[in-house]
Structure formats: C-alpha cells, structure tokens
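The values are calculated or read from the model by the stated rules, or taken from the named source; none is laboratory data. Everything quoted here is computed from the prediction, not taken from an experiment. In this analysis, Cβ positions are derived from the backbone assuming ideal geometry, glycine residues included, and neighbour counts consider all displayed protein chains. Calculation scope for accessible area: heavy atoms of the full protein, side chains included, ligands and nucleic acids excluded. Shrake-Rupley method; radii C 1.70, N 1.55, O 1.52, S 1.80 Å.
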Amino acid sequence: MSREPSLHAPRVAIIDDEEDVLTFVRIALEDAGFTVEALDRPTEALATLEAFRPHVILLDLLMPEQMGVSLYTELRASPVLRDVPVIIVSGLNARDTLQEASAATGAGPPAGYLEKPVDAAALLDAVRRALSHSGRGTP
Amino acid sequence: MKPGTDWKNSYRANVFEEIPCGIVVIDRNLRIVDQNLAFTNIFGDGRGQTCYEVTRGRHTPCAECLAEQTFRDGQRRSREAMGVDPAGKPVHHLVQITPIRDETGNVPFVAALTTDLSATKRLQREYQTLFEKVPCYVTVVNRDYRVVKANTLFRKVFGEPTGEHCYQLFKRRHERCPECPAEQTFLDGGSHTSSHVGITRDGTAAHYVVSTAPLVQTDGETTHVIEMALDVTRLHRLEAELLRANALREALVENSPYAILILDQRRRVVLANRAAEKLWDCDRSTLIGHTLPRRAIACRLDEIVGRNGGPAPLVDSTIVTAKGVEIPVRLSGFTLHPVEGERSTAIIAQDLREIRTLEREKLDAERLAAVGQTVAGLAHGIKNILTGLEGGMYVTSGGLARHDEARVKQGWEMLERNIGRVSALVKNLLAFSRGDEPKPRLVRPAAIVADVVSLFKELAEQHDLVLETEISDVAPASMDAEGIHTCLTNLISNAFDACLVSHKPMCRVLVTLREENEEIIFEVTDTGCGMDYEVKQKAFTSFFTTKGSGGTGLGLLLTRKIVQQHGGSVTFESSSNEGTTFRLRFPRRRLPPPVEEEHNGS
C-alpha cells in the first residue's frame, strides 16, 4: 500500500543523471514511505541538499558536469551534510577512486555501496540499514 | 843596387799597387803624393790635391784630422769615416794612419790605408735586421750560459737581459737544463735542436723548439752560441686538441650503440665499430680491408645517403649477418669528403629487433587495454540500462497491481526507452567495431555539410537554437561521404546537447567549412555548457558519456576513427560554461585515393 509522504517521514535524496534511475528510486522509496528529493544536476545539488536536509543521500559516481567523487567530497565538507550517510549507487566500480579521494580530503568512507543494476528490495534494505546506523527510525 | 834589394823594392811596389785596400801617401800639407790602384778605384786620381778634397769633397781640412795628429806625435791611428766617391755616392771606410819616417826620425809623410767597409756594413745591417726581426726568440749566450744579446721579440717578452742565465729567463730554473743544446754546441761546435717546455712571464707553460749554432770561435773553441727558440705553444695546444678530439671521436664511434661502417669507393670496409661486429656477427678483422658483400645490406647505398650534404634519410631495411641471419635495421648514411684522399661512405645501422618486439608488445597491450576499456564501458552502459529496465518493471508492476493506468504507462515508457538504448548501443558498437575501410570517392565537402545541417534544422527550431553555417567553396576531395556525414552528425548532435543542458536563453551552433594550406577544415562550434577538465580528459574514451540515458559514449570515438582513416585529425577547444569548438582537419595529401566504382554489383 502506498503511503502519503508525511512531515515526519525520513528524507532521502538521490543524485543521478539517469532520468529512469531517478524515477525508479523516487517511486520505490516513496512507496516505502520516504520523502524523496531526486536531483539530476550535481552542480546545483549542494544548495538544494542543504535546504532539504536529507537523512540519507544516494549518489551516482559517473555524471556529467561534475563527477560524483568531487560532489562526495563537497558533501563531506558541508557543515550541514557532513554526518549524513551517503550510499554510492553506481555501475562503475570506483571504490578505489573514492577511497583515494576521501582519504586525500579527510572525508570518511561512504556508508554503503550499491552496484547497478539495483532492485527495489536491495535499495530499501540499504537505505534502512543506513538510517538505523545513524539512529533514525525507519518507516 | 843589390839584386836582392831590387827584388824587394819590386815586390813592395807590387804589393803597394795590388793590395785590396786603398793606400794614399800624404805630405804635411795634406796633399796626396802617391796612391795605389785600390784608392784610385774608390776615389779616382787625386795626386797633387788635398786628401780632404779627394776623399770627403771638402775645401777645408777635417776637424780632428788624424793625419795632422800623426804628423805631430808619430802615432798610428784609425777611425771609421764616411766619405764620398767621385760619383758623389757615400762611402763607408776604415782609415788607418801610419807615419812614414825619414832617416832622422821625422815624419815627412803619412800613409792612409782606406778599407771600404760599405759592403761589410750593409751585411752587418742586414744581419742585425735579421737578428732583430726574426719571429722567434734569438739570443747569444756565452760559455757561462748568460744571455749577452737578445733580439726585439725576446726583449719584448722577457725584458732586457741583464746577464741572467738563459735557463733563468726561459724556464725560471736555477740550474742548467739537463739536455742543453747550447752545451752540445759548445762541446762539438755543431748545430743542435731540441724541444723544451718553459714558463712565460705570466706563469703559463710555453713550448719551444730550440736550435743552437756556434757564433764566435776563437782558436777553434766556441766562445758564444746563438740560440733560436721558436714558440710552438699554439701548435702544441692544437696538437693536443686534435689528439683529444681524435680520442673522443674514436670512443664515440667505438661505443656507439649503432653499428657504424665506413666503406671506400670500392665498397671495402675501412672502419667497423664494436656494434658493427655484433650486428654482422663477425670479428672486425674479417670485415676491415674486405669488400662488403652485396647481400650484407639489402638496400642500395645511394638510397641511404643524404643528397648534397642534406640530412640522411632513415631507411628501414634489413642486413644479413655473416651467418646468413636476416636482421631488420634502420639505416642512414653520409658521404665523407676528406681534404685529401678519396671519398668514402659512412653507414649507421640501428638494430630494430628489440624495437620491433617492443612495438608488437605495445600494440598488443594497447589492443588488450582497449578491449578491457570497451568491456568495462559496455558493462557500465548495460548496468544503467538494466537499472532502467528494473525500474520500468517495478513501476509497471506496481501500476498493474493498483490498476493505476498512469503509472503503468510511465513504467512502460521506461521499458521502451531502455530497450531503445540497448539497440542504439548495439548498433553503434557494431559500427565502431566493424573496422570497415572507408570507401572514398570524389565528393564536394560543402554538399555533405549542407545535407547534415538540413537534417538538424527542425530540431534547432524546436529548441530555439540558432544553427548557422559558413561554407567556403572547397574543391572536390576524395572522402567517404557517409563517414564524414556520420562525423558531422555526431558533432552537431553533441553541440545541440551541450546547448540544451546549459539552460542558456539563446545558444548558437555554427558549422563552418574552409580550406587552408591544402587542408580541408570542418568546425562545429557551440555556445553551450562547455567541458571541464575531467570531461575533456575523457572525451575520446569509449563509453564515456555525459548525457546519461541519451548517449552511448561511442560518438566521438567513432568520429575520430573515421577522421583518422582519412588521414585527418580531431581537435577541440572548450571552456566550462562558454562553449566548445570541434575541428576536423583533412590534409589533402593524406586523403585516401578514390576507390574504383564497382561495375558489376556483385
């Protein structure tokens, strides 16, 4: 059963340049009771995210304009977002690149990795796990 | 008169007449009373005239007249004097005055002996000039090896000698040199020559060749020696430099990693270095002095020698070793024109075996890397599509379960779109991997540009983009029209995408065609989003796309492949937020020749 997004529902942000991935993630998470912000332009994501104050961020690595890795380090540097768990959702096996970048900038590793293709169950599982680790209730 | 006295008088008179110096007898009035033949030859007949009239052309007696002094005191005297002969020419002579006494001891006459010194003086002057001006150091040393005389050059360099020893002056030594040529000359009276190293006044070493000869000999003993020292320092330095240069040249040739052979005009080997021994696999003694076999080098020598002193061409050829093994080499050569002797030819051979192996390995590695990159990129593209399909199924099935038709439609569109992407990916992949050679024909480049641009007109209007062209009249060229069409389509499509994602109110796309210096140049310029550093780095990477679901990541790669097949190149300039220009350059001389039309459509 679908639930209406509530003011108290946990907020999840997804940044990906694939329109269909955004649609899929948004619908799947909204079906599970989350409030979702789907963003397709990483360069403009930071300000929106700081305003949205998500509880979990899902981030693609290979995007136009700005690569996910540099957005990740920006997120870790933001005073508002630095403690928000980030789950990498990518078809690219970029753990090494990400680890190098996060080590170089002092940002910690992401909360989780999801390798595309992802199904709805795996997606929800990863988001719920990240929320429980950060002490947030899940829908 | 006794016979003896007659004889004596007679020979005395003869001697008086014939002696080769002028004798004149003068009375107390200084008048000439007698004169001999030699005097007559110099001054003419002066009998009855005064001596000063005849010898000096004077009208009064000379000051300090020697004859008058001898008339007074009866002493002999002599003096060098300048006179004038009857022709008025100056005469240099030595005058000796001898008193002639009578029985009472008085001196009624004096005899003046005049020796003509003109020739002697001239010689002396000449020798003096030679001594002074000769361009080497000339010194006269005595038996104590002290320099008693030195020429101008010596004095200029070493200063006026003040009785120093020659070894002090030339070498700053305090004792005689061990091998002293002057000593030898003092010992045997002969000439001696040897090389010496001295020290100049400024303390630098100087090299001399020293020759000695006896100068003054008294009673068979040499009392003075003339030393001539020729400064050969420059020559010595040149010689040393030549030796060094030679040693360097020999070391360079011998240790060169390239085989070097020098052949004379009859193709005989005159020089072979170590690398040549190794390359031809034989001892150089079997090479040098022997004719190089024709088969030892596969190409003709004139093919590898630079013409008219120009740079030697690099010719890839083969050589055959003494054991008959063929080896790939890169050859170059040049002609040596010595100052003397016949021309010869130098050949430089680089063994290409290792390079060829490395080239093959590099090509293999590149191929493998390309395959790896292709597979990785392909997997990434497919993963995104699979996620899209997954999402499509999720949305569709959710919609079906809730009988939500809008959601079913949304899911179905996602499925359709991602299946479309799979087929586009496969199509581009095939186009890229087919490896077709282009089929060039003579085409008008402007026609291709016009055709491609017309296909984008409608799309430009839909998106409010300004699409413009600047097409110069370029002569027909041999190109694969379909391939160039694909390239321009890709570039214009990219330009449109860059404009659309930039969200700028008004973007322009300009397509130009022109020819510069025999190069056909296509340019596609947009004022769209431009590329940042990371995107620029990956522009030609397979499956790299910034377009999300819109691109396959193969467009630029395929474009570059087609352009390279035409001998051309792709370059681009881009700055973030300002726009991008892609430029395709096709040098005419590198275009493939047009293929023959196929007549029988089989």
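A few comments on the model shown:
- Ordering of B:97-110, B:16-29, A:118-131 by packing [mean C-beta count within 10 Å, highest first]: A:118-131, B:16-29, B:97-110
- Pairing chain A with chain B buries about 2300 Å² of accessible area. This figure sums both sides and uses a 1.4 Å probe.
- Counting only Cα atoms, the protein assembly as shown measures 188, 74, 56 Å along its principal axes, largest extent leading.
- Residue pairs, from the table B:457/B:504; B:409/B:504; B:121/B:149; A:116/B:362, whose Cα atoms sit over 24 Å apart: B:409/B:504; A:116/B:362
- Cα-based helix-to-principal-axis angle, B:3-18 vs chain B, degrees rounded to 10: 30
- Portion, in percent, of the accessible area of chain B that falls on carbon or sulfur, probe 1.4 Å: 54
- Taking a straight line from the alpha carbon of residue B:439, these aspartates and glutamates sit under 14 Å away, with near neighbours fewer than eight places off in the same chain left out: B:480, B:482, B:596, B:597, B:598.
- 1.4 Å probe, heavy atoms, protein only - residues of region B:382-403 losing at least 30 Å² accessible area vs chain alone: B:383, B:384, B:387, B:390, B:394, B:402
- Taken residue by residue and averaged, Cβ atoms of other chains lying within 10 Å of the Cβ of B:409-418 number 2.
- Compactness of region B:17-121 as Cα Rg over 2.2 N^0.38 Å, two decimals: 1.00
- Gyration tensor verdict on region B:257-351 (Cα atoms; rounded if a/c is under 1.5, prolate if a/b is larger than b/c, oblate otherwise): oblate
- Between residue B:164 and B:147, the built amide H atoms are under 5 Å apart, and every one of these is 5 or more places off in sequence or on another chain.
- Mean Cα-pair separation over length for region B:441-590, i.e. relative contact order, pairs under 8 Å, 6 or more apart, %: 24
- Calculated FRET efficiency, residue B:413 to residue A:82, Cβ-Cβ distance, R0 = 41 Å: about 0.60 to the nearest 0.05.
- Shielding score for A:11-23, defined as the mean number of other chain Cβ atoms within 10 Å: 5
- Accessible area per residue, Å², chain B with all protein chains present, probe 1.4 Å: 58
- Stokes-Einstein diffusion coefficient of chain B, Kirkwood radius over Cα pairs, 20 °C, 1.002 mPa s, in µm²/s: 57
- When only Cα pairs below 8 angstrom with a gap of at least 6 residues are kept, chain B shows a relative contact order of 6 percent.
- Most to least accessible of B:348, B:448, B:288 (protein chains only, probe 1.4 Å): B:288, B:348, B:448
- The calculated 222 nm mean residue ellipticity attributable to helices in chain B amounts to -13000 deg cm²/dmol, summing -39500 (n - 2.57) over DSSP H runs of n ≥ 4 and dividing by all residues.
- For region A:9-85, the list of trypsin sites (Lys or Arg not before Pro) that fall in a loop by DSSP and count at most 15 other C-beta atoms within 10 angstrom reads A:82.
- In nm, spacing of pseudo-spin labels at residue B:281 and residue B:164 (7 Å Cα→C-beta vector): 7.0
- Dipole magnitude for the protein assembly as shown: about 2800 debye, using +1 per Lys or Arg Cβ and -1 per Asp or Glu Cβ, origin at the Cα centre.
- Nearest 10 degrees, 0 to 90: helix B:118-133 Cα axis against chain B principal axis: 30
- With both labels modelled 7 Å from their Cα along Cα-to-Cβ, the residue B:104 to residue B:87 distance reads 4.6 nm.
- Nearest-ten-degree value, helix B:555-565 long axis tilted from longest Cα axis of chain B: 50
- Each label point was placed 7 Å from the Cα along the Cα-to-Cβ direction; for residue B:470 and residue B:148 their separation is 9.8 nm.
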